[in-house]
Amino acid sequence: MSNELLTPDFKAEPYWWEAAPRPDLGAPALPAKADVVIVGSGYTGLCAALQTARGGRSTVIVDAEDAGYGCSSRNGGQIGWSIKPSYEELTARHGPEKAQAILREGDNALEWIGEFIKAEQIDCGFNIGGRFHAAHSPAHYEDLAHRVANQPPGIDHEGHMVPKSEMQSELGTQAYHGGAVYPAHASLDPGRYHQGLLERALAAGVDVIPNCKVTAIARSSSGTTVTTARGSIEARDVIVATNGYTGTVSPWQRRRVIPIGSYIIATEPLEPGLMDRLMPRSRAISDTRKVVYSYRASPDRSRILFGGRVSHNETDPRVSAPRLHADLVHLFPELAPVRVSHSWVGFVAYTFDELPHLGQHDGVHYSMGYCGVGVSMAGYLGTRLGQKVLGFKEGATAFDDLTFQTRPFYTGTPWFLGAAVMYYRWRDRRAR
Ligand SMILES: Cc1cc2nc3c(=O)[nH]c(=O)nc-3n(C[C@H](O)[C@H](O)[C@H](O)COP(=O)(O)OP(=O)(O)OC[C@H]3O[C@@H](n4cnc5c(N)ncnc54)[C@H](O)[C@@H]3O)c2cc1C
């Protein structure tokens, strides 16, 4: 990227860290024992910990990096129904009843996060402002319209269509062919949400130990030994909450999640009036591309936060920034002179059936695989997992009996992704 496209104070880290800097938790001593040890301090780990600590179990969270270093302080803060496969796909795999139950979990997660943030009084800009899901071809507009008018049995997702001729009320671009509005969708500031969760976990007595990588998890007759870079902890229960950062410490889970790089840029503040022309409403925005763009105004409506897929494993935000900027300008030519103030990357976890998975393997609990839509689902399933550890029947979910699939020869390095992303981009460009 030519340096003129970066602001002088450009940062290769999330915009969200301005309002919620990485927490300084010091280097707390590692306890010798705990009822519950959780690997990973994102939404999944913190929400599971809140349940177990409030349920009276001594709970320790260990993270290899600063607390919340993973996706949970890096995402776009958009919240929808969070289930990727369609009713038709789910029905073909699991039958209509199970398909409905799985789709309802998406609704449950959306409802859960609104109620949770309210009950916990977390100040994170949570806003039920709706979503505009833009059609990138006329055929995709027709498909969206069909889906809005023909909902699966037992599902009632409010939505209405906005044709291209009226799209100016949603988006200041000619690049789409209209789209669907889903008023129930929401957005938040993910960094402040994580900070609020962390504060509540600490207040509940959870020990959060940052910068302490877990290197081994070994079962014995008396429990589980969690070995870390700074010593080991004896645990009654262990939860792996590492999602797209799942490594060799849990090889069974690693063979079942596909880490995919996901990228966002923040623009510098826009000139007055421009945001109101481009994004007149504070909606979450996404489109029908397979290699999807998702974007929004910042909570204070000063900047645009624009996310997409650059490649599957690029890790340098200075490399991803110009590519995303070019895509942004393709949609909104007026933004060509607007510079980039922040650029960052995170790793989401896809699964082979595009559904999240939680359960227990070899005595170790896990929840992961949110397929890039985990802002509500990670906390919701973390909560359910915490309830399972406590033995509560409320912990049951529609995902419990699904097989967590892998593929022959897959060990956690997605060698096939580069070709898949290229293919989907090509298909997106050809859409009519
Ligand atoms: C750029 C981007 C945009 C996104 N946008 C959205 C969005 O708009 N809407 C949406 O719903 N979802 C979005 N997501 C996905 C969402 O952020 C995630 O699904 C969710 O945050 C996952 O939370 P988690 O707690 O499971 O994992 P993470 O928050 O990723 O936490 C995993 C943690 O595990 C730790 N860890 C890994 N290995 C070890 C080890 N050996 N020892 C100790 N710690 C370890 C990591 O350091 C990390 O902190 C986005 C993700 C990204 C990256």
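Numbers for the structure displayed
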{"quantity": "Mean separation of Cα contacts under 8 Å (6+ apart) over length of the chain, as relative contact order %", "calculated": "25"}
{"quantity": "GNM flexibility winner over the chain from ALA201, ALA64, ALA32 (Cα, springs under 10 Å)", "calculated": "ALA32"}
{"quantity": "Per-residue Cβ neighbour rank within 10 angstrom, fewest leading, LEU305, LEU335", "calculated": "LEU335, LEU305"}
{"quantity": "Size of the chain as Cα extents on the principal axes (Å, biggest first)", "calculated": "66, 54, 45"}
{"quantity": "Euclidean distance of C-alpha centroids, the stretch 65-130 and the stretch 291-328, integer Å", "calculated": "21"}
{"quantity": "Residues of type lysines that LYS388 reaches as a straight line, Cα spacing below 21 Å, ignoring anything fewer than 8 places off in the same chain", "calculated": "LYS33, LYS98"}
{"quantity": "Residue of SER298, SER376, SER232 that the Gaussian network model of the chain assigns the largest fluctuation, springs spanning Cα pairs under 10 Å", "calculated": "SER232"}
{"quantity": "Neighbour-count ranking [beta-carbon atoms within 10 angstrom, fewest first] of PHE416, PHE352, PHE409", "calculated": "PHE409, PHE416, PHE352"}
{"quantity": "Radius 14 Å from Cβ of ARG277, net charge of other residues (Lys, Arg +1; Asp, Glu -1)", "calculated": "-2"}
{"quantity": "Assigned charges on the beta-carbon of Lys, Arg, Asp, Glu; the stretch 103-226 dipole about Cα centre (debye)", "calculated": "440"}
{"quantity": "Three-way shape call for the stretch 1-114 based on the alpha-carbon gyration tensor, with the a/c threshold at 1.5", "calculated": "oblate"}
{"quantity": "Three principal axis lengths of the stretch 239-285 [C-alpha, angstrom, descending]", "calculated": "52, 19, 18"}
{"quantity": "Rg/Rg_ref, the stretch 50-161, where Rg_ref = 2.2 N^0.38 Å and atoms are Cα", "calculated": "1.37"}
{"quantity": "Candidates ASN150, ASN75, ASN127: whichever shows maximal mean-square fluctuation once the chain is modelled as a Gaussian network with Cα springs under 10 Å", "calculated": "ASN150"}
{"quantity": "Farthest positive-ward along the stretch 138-247 dipole, Cα basis, beta-carbon charges - from GLY172, GLY191, HIS157", "calculated": "GLY191"}
{"quantity": "Exposure proxy order (Cβ contacts within 10 Å, fewest to most) of TRP17, TRP344", "calculated": "TRP17, TRP344"}
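Bear in mind these aren't lab numbers, they're just calculated from the coordinates by the rules spelled out. Note that the structure is a prediction, hence the values are computed from the model and not measured. No Cβ is skipped: glycine too gets one built from the backbone with ideal geometry, and neighbour counts run over all protein chains shown.
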